[in-house]
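Structure first, then comments.
The values are calculated or read from the model by the stated rules, or taken from the named source; none is laboratory data. Only a predicted model underlies this, so the values are computations on that prediction, with no experimental measurement involved. For neighbour counting, all protein chains shown are included, and Cβ atoms are generated from backbone atoms with ideal geometry for every residue, glycine included.
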Amino acid sequence: MTDWQPTACILCECNCGIVVQVADRTLARIRGDKDHPASQGYTCNKALRLDHYQNNRSRLTSPMRRTPDGTYEEVDWDTAISEIAAGFQAVADTHGGDKILYYGGGGQGNHLGGAYSGAFLKALGSHHRSNALAQEKTGEHWVDAHLYGNHTRGEFEHAEVSVFIGKNPWMSQSFPRARVVLHEIANDPDRSMVVIDPVVTDTAKMADFHLRVRPGADAWCLAALAAVLVQEELCDEEFLAEHVTGVAAVREVLDEVPVGEYARRCGVEEDLLRAAARRIGTAGSVAVFEDLGVQQSPNSTLCSYLNKMLWILTGNFAKRGGQHLHSSFAPLFRPGGVGRTPVTGAPIIGGLMPSNVVPEEILTDHPDRFRAMIVESSNPAHSVADSHAVSEAFTALELLVVIDVAMTETARLAHYVLPAATQFEKVEATFFNLEFPHNTFHLRHPLLEPLPGTLPEPEIWARLVRALEVVDEAELVPLRDAAVRGRADFTEAFLVAVGANPGLGKVLPFVLYETLGPTLPVGLSGAAALWGLAQKAAMTYPEAVRRAGHADGNALFDAILQSRSGVTFTVHEYGDDFALISHPDHKIALEIPEMLADMKGLAAPPRELTSPEFPIVLSAGERRAYTANDIIRDPSWRKRDADGALRVSAQDADALGLTDGGRARITTAAGAAEATVEISESMLPGHVSLPNGYGLDFVDGDGSGQVPGVAPNSLTSSGWRDAYAGTPWHKHVPARIQPAVASAAAD
Ligand SMILES: Nc1nc2c(c(=O)[nH]1)N[C@H]1C(S)=C(S)[C@@H](COP(=O)(O)OP(=O)(O)OC[C@H]3O[C@@H](n4cnc5c(=O)[nH]c(N)nc54)[C@H](O)[C@@H]3O)O[C@H]1N2
Ligand SMILES: Nc1nc2c(c(=O)[nH]1)N[C@H]1C(S)=C(S)[C@@H](COP(=O)(O)OP(=O)(O)OC[C@H]3O[C@@H](n4cnc5c(=O)[nH]c(N)nc54)[C@H](O)[C@@H]3O)O[C@H]1N2
Ligand code: SF4
Ligand SMILES: [Mo]
């Protein structure tokens with residue numbers, strides 16, 4: 001058994017610091033790391049189960065190449081790399097590099113692979129990309145970009161009123177020490193929690209105001225809340241006058257909102273709704289979190305806009321316990337990355353095309369269709385809407401390469417599969433650095449050698465770039481020499497080299513890996529790309545980086561390399577929020593004409609999305625105690641809910657003839673599946689829910705296969721999506737539920 005080694009949990013964006021004792025390549029003992037600057041020793045129940053990720057029987061141990069009969073054969077790394085590089089080069093030469101689509105680049109715990117991918121892609125002329133953010137966060141990003149040009153986070157730790165909209169942090173976490181903070185709020189009579197959710201979630205149970213909105217009716221609820229703020233004069237007029245433009249246009253629309261009528265439409269008591277709005281309007285500080293309950297439901301972008309009203313109109317910005325813009329170590333969205341996709345003309349937001357349109361951008365004879373794809377650290381054949389269409393599209397590609405630790409649903413459609421070392425076998429980090437006023441970055445050192453046959457992504461990408469032969473070795477020599485002499489010499493040599501050959505800038509992560517990488521401590525060469533990001537952070541936030549104790553970019557980079565439990569890289573003052581607004585006047589630009597038109601459109605009767613054929617709303621993909629996207633394939637990691645039950649209200653169960661523990665058949669426009677029923681008081685009649693991350697196949701030690709639970713995207717449709725961002729309505733899938741009849745196989 002080794003000593004306790006610091007690393008992090010990789011199962012959600014919090015990446016809580018943990019310490020681990022390793023024995024025989026297993027993560028034998030795990031506990032929270034008290035030295036981690038953000039999580040401070042906190043973990044949830046899931047971190048203790050991480051060995052089921054590390055020692056997973058579906059792990060890959062060799063590059064795999066598909067044979068003409070559809071099976072896979074092992075090939076050595078040199079063969080795989082040279083054939084893959086040649087294959088993509090051929091696609092680029094024949095059809096243009098922009099016909100190569102990159103999907104993924106990082107999951108909940110690993111973003112270094114994505115950081116290196118750019119060099120290979122740019123060298124080929126490929127620039128289109130998508131990932132999971134484009135099926136959840138692009139609508140909010142579109143709104144953020146208009147309002148203030150940046151991402152915000154609430155300071156729940158100190159907020160007097162915390163508002164959770166379609167967000168269940170007790171289960172899904174997403175901000176540091178979530179359960180501790182929720183308890184503190186619930187136990188403090190001076191603080192309040194507002195939860196907007198049709199389900200009585202564990203978070204809703206702790207709320208002072210649970211607005212149990214009808215599924216999909218959030219826009220009316222949020223418009224009514226904002227309208228109360230305006231109509232009852234609860235706005236912070238001084239803040240609005242000084243820091244916000246376009247207020248009059250918004251006020252005009254909100255003045256007209258019939259609060260009582262909208263409360264009725266969204267299914268929330270008017271008195272309760274008004275009381276919640278008044279609590280928000282009179283609080284010393286308010287922090288807000290919207291998540292998938294609205295981001296993957298009808299009117300999602302409009303809901304993102306409306307929820308920002310709750311803290312902007314009340315001036316809960318740039319103060320303790322309020323909403324904040326924050327520094328980032330590397331942006332998750334490409335600034336200014338807007339445009340249209342080549343085939344369907346779907347919106348590209350933050351550099352990402354909607355996950356939803358990927359199949360349509362391939363399955364066509366349009367000359368600009370995608371011909372080849374690289375999927376890294378993502379399982380779109382399981383996680384993107386309409387799995388059937390995704391699989392059909394991927395099968396039609398001339399070349400599909402998947403980089404993953406396991407033989408996933410997506411990998412099984414690939415021409416080549418490259419086996420990555422796990423996140424405990426390599427240096428890793430994420431760019432989920434979203435906090436204010438203290439923002440942290442954690443470079444995790446490897447705890448184990450890579451499993452034989454596997455490689456860390458930085459090395460995979462470097463080998464692919466080398467195979468393209470786009471960088472002249474002689475150009476790297478001065479940088480290599482300077483790196484050995486020290487950071488200051490390297491900085492100077494780097495500026496000279498990039499100044500003399502701007503082409504090197506295109507393959508920057510590769511250049512850093514090849515030159516600075518070899519001089520870094522053993523096992524940390526994959527951190528080389530962070531040198532550039534550290535310089536950028538120090539240039540973008542010079543004061544905040546200095547306040548965090550780092551004199552400059554080189555000092556920050558060295559601190560990152562040395563601190564095993566993570567570093568605070570910026571310390572902001574509340575007033576900095578205004579400087580972080582990217583508009584030239586550093587004011588919030590509240591008026592978005594499309595959104596105001598949509599707000600007025602709410603006056604029309606709501607469109608019924610269910611039908612006599614599909615009368616029930618299915619939320620496909622709820623977060624529960626033992627779900628973690630598609631990260632852990634081995635079902636034995638779950639201590640309960642082995643089947644991923646379909647949660648149904650008692651009223652529906654009665655009406656439909658379902659029994660607790662019995663089986664139900666779920667039919668949607670896209671497909672059908674069977675699930676075990678759990679009758680639950682938490683569900684509203686007409687609303688049922690299935691968890692995410694189930695329905696992954698897994699071959700056990702004895703060779704027996706199992707697929708516990710329902711793959712949610714066997715039931716979802718990609719056309720069911722937001723008008724602005726193309727994000728899917730996974731939480732609002734019209735469905736028919738019946739008792740499952742004993743199948744022929746059972747007879
Ligand atoms: N345990 C666990 N935690 C996770 C993850 C995981 O897989 N498992 N995944 C991580 C990831 S990638 C993400 S993006 C986050 C997501 O975190 P959340 O968004 O909190 O997760 P969900 O459970 O998908 O959806 C949140 C809530 O939306 C509600 N909801 C459904 N329909 C509606 C509606 O019409 N209106 C409203 N207002 N609410 C509705 C559901 O009842 C649910 O409580 O979780 C992260 N954390
Ligand atoms: N119906 C429905 N669909 C949904 C959702 C929903 O609520 N409902 N939620 C959506 C959301 S919010 C998200 S974020 C997505 C997530 O879906 P995906 O983007 O597919 O991401 P993950 O599930 O995190 O998949 C991670 C993949 O990375 C692999 N992996 C793990 N570690 C490593 C590593 O070190 N290197 C490499 N190369 N690979 C590794 C795992 O084996 C797995 O195949 O799902 C979305 N899909
Ligand atoms: S799953 Fe739990 S322990 Fe792991 S990072 Fe998220 S909150 Fe932390
Ligand atoms: Mo997500």
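For segment 36-56, check the following and say yes or no: at least one residue is of a type in the set (Lys, Arg), more than 16 Å from ligand 4 (Cβ to nearest atom) and farther than 29 Å from residue 412 by Cβ.
no
Which of the residues that make up segment 615-649 are among the acidic types (Asp, Glu) and over 20 Å from residue 170 (Cβ atoms)?
Answer for segment 615-649, where residues must be among the acidic types (Asp, Glu) and over 20 Å from residue 170 (Cβ atoms): 630, 634, 643.
Looking only at segment 613-633, filter to residues that are in a loop (DSSP other than H, G, I, E, B) and away from ligand 3 (no atom under 16 Å from the Cβ); which one of those is nearest to residue 383 (Cα to Cα)? I'd like the intermediate steps shown before the answer.
The initial filter retains those residues of segment 613-633 that are in a loop (DSSP other than H, G, I, E, B), namely 613-615, 623-627, 629, 631-633.
The next check asks that each one be away from ligand 3 (no atom under 16 Å from the Cβ); those that pass are 613-615, 633.
On the way: 613: 26, 614: 23, 615: 25, 633: 13 Å.
Among them, the one singled out is 633.
Conditions: (1) aliphatic (A, V, I, L, M); (2) more than 16 Å from ligand 3 (Cβ to nearest atom); (3) crowded, with 19+ Cβ neighbours inside 10 Å. Residue 604 meets all but one. Number of the miss?
The single condition residue 604 does not satisfy is (3).
Could you tell me which of the residues 740, 711, 672, 723 is away from ligand 1 (no atom under 16 Å from the Cβ), more than 22 Å from residue 198 (Cβ to Cβ) and touching a Gly at 6+ places or on another chain (Cβ under 9 Å)?
Answer to the check: 740.
Among the numbered criteria (1) at pLDDT 95 or above; (2) farther than 25 Å from residue 616 by Cα, which single criterion is violated by residue 747?
(1)
If a residue has to be out of contact with any Phe, Trp or Tyr (no Cβ under 9 Å at 6 or more places or on another chain), in contact (Cβ under 8 Å) with a residue 40 or more places away in the chain, more than 8 Å from ligand 3 (Cβ to nearest atom) and under 20 Å from residue 631 (Cβ atoms) to count, how many in segment 7-37 make the cut?
Within segment 7-37, residues that are out of contact with any Phe, Trp or Tyr (no Cβ under 9 Å at 6 or more places or on another chain), in contact (Cβ under 8 Å) with a residue 40 or more places away in the chain, more than 8 Å from ligand 3 (Cβ to nearest atom) and under 20 Å from residue 631 (Cβ atoms) number 1.
Please verify whether segment 637-646 includes one or more residues that are in a strand (DSSP E or B) and more than 30 Å from residue 27 (Cα to Cα).
yes
Consider residue 144 carefully, then state whether it is within 17 Å of residue 266 (Cα to Cα), buried (at least 19 other Cβ atoms within 10 Å of the Cβ) and not assigned by the TED database to the domain that holds residue 339.
no
Mind listing just one residue for me: the one in segment 163-184 that is away from ligand 3 (no atom under 14 Å from the Cβ) and surrounded by fewer than 20 Cβ atoms within 10 Å (Cβ to Cβ) and, of those, farthest from residue 292 (Cα to Cα)?
So the residue we want is 184.
What residue, among those in segment 127-142 that are in a loop (DSSP other than H, G, I, E, B) and within 14 Å of ligand 4 (Cβ to nearest atom), is farthest from residue 295 (Cα to Cα)?
Here the answer is 131.
Could you identify the single residue in 597, 559 that is without any contact (Cβ under 8 Å) to a residue 12 or more places away in the chain, under 30 Å from residue 251 (Cβ atoms) and not in a loop (DSSP other than H, G, I, E, B)?
The match here is 597.
Only residues in segment 128-143 that are more than 13 Å from ligand 2 (Cβ to nearest atom) count as the first member; pair them with residues that are part of a helix (DSSP H, G or I), Cβ under 7 angstrom, at least 6 apart or cross-chain, and list the lot.
Listed by first residue and then by second, the contacts come to 128/98; 142/301; 143/301; 143/304; 143/305; 143/308.
For every residue, the table says whether it meets (1) more than 28 Å from the chain's Cα centre (by Cα); (2) in a helix (DSSP H, G or I); (3) not polar (S, T, N, Q).
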residue: 514; (1), (2), (3): yes, yes, yes
residue: 518; (1), (2), (3): yes, yes, yes
residue: 521; (1), (2), (3): yes, no, yes
residue: 531; (1), (2), (3): no, yes, yes
residue: 536; (1), (2), (3): no, yes, yes
residue: 545; (1), (2), (3): no, yes, yes
residue: 555; (1), (2), (3): yes, yes, yes
residue: 565; (1), (2), (3): no, no, no
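Just wondering, is there one or more residues in segment 678-693 that are in a strand (DSSP E or B), out of contact with any strand residue (DSSP E or B) (no Cβ under 8 Å at 6 or more places or on another chain), within 16 Å of ligand 3 (Cβ to nearest atom) and not basic (Lys, Arg)?
Checking segment 678-693: not a single residue is in a strand (DSSP E or B), out of contact with any strand residue (DSSP E or B) (no Cβ under 8 Å at 6 or more places or on another chain), within 16 Å of ligand 3 (Cβ to nearest atom) and not basic (Lys, Arg).
Among the candidates 58, 82, which residue alone is surrounded by fewer than 18 Cβ atoms within 10 Å (Cβ to Cβ), within 15 Å of ligand 2 (Cβ to nearest atom) and of a type outside the set (Asp, Glu)?
58
Conditions: (1) in contact with a Phe, Trp or Tyr (Cβ under 8 Å, 6 or more places away or on another chain); (2) away from ligand 2 (no atom under 15 Å from the Cβ). Residue 469 meets all but one. Number of the miss?
Condition (1) is where residue 469 drops out.
Identify, by number, the condition in (1) part of a helix (DSSP H, G or I); (2) away from ligand 1 (no atom under 16 Å from the Cβ); (3) crowded, with 23+ Cβ neighbours inside 10 Å that residue 274 doesn't meet.
If we test residue 274 against (1) part of a helix (DSSP H, G or I); (2) away from ligand 1 (no atom under 16 Å from the Cβ); (3) crowded, with 23+ Cβ neighbours inside 10 Å, just (3) comes out false.
For segment 277-303, give me each residue that is within 16 Å of ligand 4 (Cβ to nearest atom) and either acidic (Asp, Glu) or more than 21 Å from residue 229 (Cβ to Cβ) (or both).
290, 291, 292, 293, 295, 296, 297, 300
Looking only at segment 277-299, how many residues end up being hydroxyl-bearing (Ser, Thr, Tyr) and assigned to a helix (DSSP H, G or I)? Spell out how you get there, then give the answer.
At the first step, the residues of segment 277-299 found to be hydroxyl-bearing (Ser, Thr, Tyr) are 282, 285, 297.
Still in the running and assigned to a helix (DSSP H, G or I): 282.
Residues in segment 277-299 being hydroxyl-bearing (Ser, Thr, Tyr) and assigned to a helix (DSSP H, G or I): 1 in total.
Name every residue in segment 289-300 that is within 16 Å of ligand 2 (Cβ to nearest atom) and either more than 14 Å from the chain's Cα centre (by Cα) or not charged (D, E, K, R) (or both), in order of residue number. It would help to see each step written out before you state the result.
First, the residues of segment 289-300 that are within 16 Å of ligand 2 (Cβ to nearest atom): 289-298, 300.
If the condition is that a residue be within 16 Å of ligand 2 (Cβ to nearest atom) and either more than 14 Å from the chain's Cα centre (by Cα) or not charged (D, E, K, R) (or both), then 289, 292, 293, 294, 295, 296, 297, 298, 300 are the ones that fit.
For segment 83-98, does any single residue satisfy the condition of being on the phi > 0 side of the Ramachandran plot and touching a His at 6+ places or on another chain (Cβ under 8 Å)?
no
Could you give every pair whose Cβ atoms fall below 9 Å, whose first residue belongs to segment 61-84 and is over 19 Å from residue 395 (Cβ atoms), and whose second residue is among the aromatic types (Phe, Trp, Tyr), counting only separations of at least 6 or pairs across chains?
From segment 61-84, the pairs are 62/77; 63/77; 63/416; 75/416; 80/416; 83/416.
Out of all the residues in segment 353-385, which are within 16 Å of the chain's Cα centre (by Cα), part of a loop (DSSP other than H, G, I, E, B) and away from ligand 4 (no atom under 16 Å from the Cβ)?
353, the sole residue that qualifies.
Across segment 316-332, what is the number of residues that are in contact with a helix residue (DSSP H, G or I) (Cβ under 6 Å, 6 or more places away or on another chain) and under 29 Å from residue 215 (Cα atoms)?
Residues meeting the conditions: 2.
In segment 1-54, which residues are hydroxyl-bearing (Ser, Thr, Tyr) and at pLDDT 95 or above?
Matches in segment 1-54: 7, 26, 39, 42, 43, 53.
Here is a check on your reading of the model: is residue 190 within 25 Å of the chain's Cα centre (by Cα) and acidic (Asp, Glu)?
Considered against the rule, which asks whether it is within 25 Å of the chain's Cα centre (by Cα) and acidic (Asp, Glu), residue 190 comes out as no.
Does residue 718 meet the test of being surrounded by fewer than 24 Cβ atoms within 10 Å (Cβ to Cβ), more than 15 Å from residue 673 (Cα to Cα) and touching a strand residue (DSSP E or B) at 6+ places or on another chain (Cβ under 7 Å)?
Taking the combined requirement at face value, the residue satisfies it.
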